[in-house]
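Heads up: the structure comes next, in structure tokens.
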């Protein structure tokens, strides 16, 4: 049995340790147990041995939005403190399927899908995290060799009663919804990852708390110093209400073009802006507090929002792209047309405005197009369209929907 390290509480808590603790807690939902993490930080500072910080990535989808980067930002903050961050690709656990937050079984992915998604993840992750200084691991390294005997021995270290305390299992059981036995293996295998990596801290979203605590339990079962867990909140999307999600269309994808990214950040509410500063900005908390005080004293909140938009756009593109995006936004705010807009060719003139907007992909349907016209959200060559019965003859038109959608439409007979 592996012997746990020497007690960490015998090391002094210095100002540097307290600063590291403050950085750890910035924006987090929970840090458990706080005393244990403070002791680990003190031990690391005194001995010079970096702590091991794990974050599991199940590459179930290849594209990352800003909501995903909340945890990545925390990893970068801890990496900059000198600790070892371990992005763990769950290539084994993804073949099981994570039931977290689900009321149905999540279908597993094929090996080809996993490898393709993992590559895309790392290509995008590099923008936030120094992947070259990280310890990138795949949990098939230890999960495949575990075998049937090892899996049964692992399963013996946790009870069904404890497993059923998990909210999604409990609710599904109460509702008579099917729960497959293999779903119990997912949190066990995620917890075993912590044993294999000897992690000191595991990061995750609030919806992963049960699985993170499983890691602590299993490390104790295997005679290790149990990891602490740090959960980050789910980022609210552009609407300021629902969590950021592609399915709710309230997201900013980190591969979106600079102009779209910049303008989407500017579209959020003033209240939401400060939460985004805490969770997404790399500015220090004192700098953010000073900026907030200026706004409360009368400075235009748009100034602060522009700074945030430029910081985020610079991170995923460049400083030059962020400057150009700001200029483009200001141009459009003055009623100008962006330098680059899509060209669309359509036939069928004369064509009704509703059909034109739908065929030009400026509205999802004719009925939605007409609703936009009724709301004054459509412009042709700079003039607001007020007649839903408008028909356009052959010609070239600059069509604008809302603040951000433009197209140069060539309409033929």
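Only residues that are assigned to a loop (DSSP other than H, G, I, E, B) and surrounded by 16 or more Cβ atoms within 10 Å (Cβ to Cβ): list them for region 352-368, please. Walk me through how you get there before you give the answer.
Looking only at region 352-368, we keep the residues that are assigned to a loop (DSSP other than H, G, I, E, B), and these are 360-365.
Those that are assigned to a loop (DSSP other than H, G, I, E, B) and surrounded by 16 or more Cβ atoms within 10 Å (Cβ to Cβ): 360, 362, 363.
Which strands (runs of 3 or more DSSP E) does region 14-92 wholly contain that include 1 or more residues that are under 16 Å from the mean Cα position of the chain (by Cα) and under 20 Å from residue 204 (Cβ atoms)? Working first, answer last.
Details: elements: 30-32, 52-57, 84-89.
Hits in region 14-92: 52-57, 84-89.
I need the full set of residues from region 160-177 which are free of Cβ contacts under 8 Å to residues at least 24 places away in the same chain, assigned to a helix (DSSP H, G or I) and surrounded by 10 or more Cβ atoms within 10 Å (Cβ to Cβ), in order please.
Selection gives 162, 170, 173.
Can you find a residue in region 283-292 that is in a helix (DSSP H, G or I), touching a helix residue (DSSP H, G or I) at 6+ places or on another chain (Cβ under 6 Å) and touching a residue at least 24 places away in the same chain (Cβ under 8 Å)?
Checking region 283-292: not a single residue is in a helix (DSSP H, G or I), touching a helix residue (DSSP H, G or I) at 6+ places or on another chain (Cβ under 6 Å) and touching a residue at least 24 places away in the same chain (Cβ under 8 Å).
Which residues, taken from region 124-159, are in contact (Cβ under 8 Å) with a residue 40 or more places away in the chain and surrounded by fewer than 12 Cβ atoms within 10 Å (Cβ to Cβ)?
133, 144
Restricting to region 369-382, what's the tally of residues that are more than 18 Å from residue 397 (Cβ to Cβ) and surrounded by 14 or more Cβ atoms within 10 Å (Cβ to Cβ)? Outline the logic, then answer.
Our first condition is that a residue be more than 18 Å from residue 397 (Cβ to Cβ); within region 369-382, this holds for 371, 374-375.
Then keep just the ones that are surrounded by 14 or more Cβ atoms within 10 Å (Cβ to Cβ); that gives 371.
Residues flagged as more than 18 Å from residue 397 (Cβ to Cβ) and surrounded by 14 or more Cβ atoms within 10 Å (Cβ to Cβ) within region 369-382 amount to 1.
Among what's in region 189-207 and is out of contact with any strand residue (DSSP E or B) (no Cβ under 7 Å at 6 or more places or on another chain) and surrounded by 20 or more Cβ atoms within 10 Å (Cβ to Cβ), pick the residue that is modelled with the lowest pLDDT.
Taking the candidates together, the pick is 189.
Looking at residue 373, is it more than 26 Å from residue 75 (Cα to Cα), assigned by TED's automatic domain parsing to the domain that holds residue 271 and modelled with pLDDT of 90 or more?
Numbers: more than 26 Å from residue 75 (Cα to Cα): yes; assigned by TED's automatic domain parsing to the domain that holds residue 271: no; modelled with pLDDT of 90 or more: yes.
No; evaluated as a whole, the condition is false for this residue.
Limited to region 122-137, what total is found for residues that are part of a helix (DSSP H, G or I) and either at pLDDT 90 or above or in contact with a helix residue (DSSP H, G or I) (Cβ under 9 Å, 6 or more places away or on another chain) (or both)? Spell out the reasoning first.
Restricting attention to region 122-137, the residues satisfying the condition of being part of a helix (DSSP H, G or I) are 122-125, 131-133.
Still in the list and also either at pLDDT 90 or above or in contact with a helix residue (DSSP H, G or I) (Cβ under 9 Å, 6 or more places away or on another chain) (or both): 122, 124-125, 131, 133.
Here the count works out to 5.
Within region 223-241, identify whether any single residue is in contact with a helix residue (DSSP H, G or I) (Cβ under 8 Å, 6 or more places away or on another chain) and in a helix (DSSP H, G or I), and answer yes or no.
Of all residues in region 223-241, those in contact with a helix residue (DSSP H, G or I) (Cβ under 8 Å, 6 or more places away or on another chain) come to 224-238, 240.
Restricting the remaining residues to those that are in a helix (DSSP H, G or I) gives none.
Checking region 223-241: not a single residue is in contact with a helix residue (DSSP H, G or I) (Cβ under 8 Å, 6 or more places away or on another chain) and in a helix (DSSP H, G or I).
The values are calculated or read from the model by the stated rules, or taken from the named source; none is laboratory data. Bear in mind that the values here come from a model prediction, so they are computed numbers and not experimental data. Because the Cβ atoms are built from the backbone with ideal geometry, glycine has one as well, and the counts that use them run over all protein chains shown.
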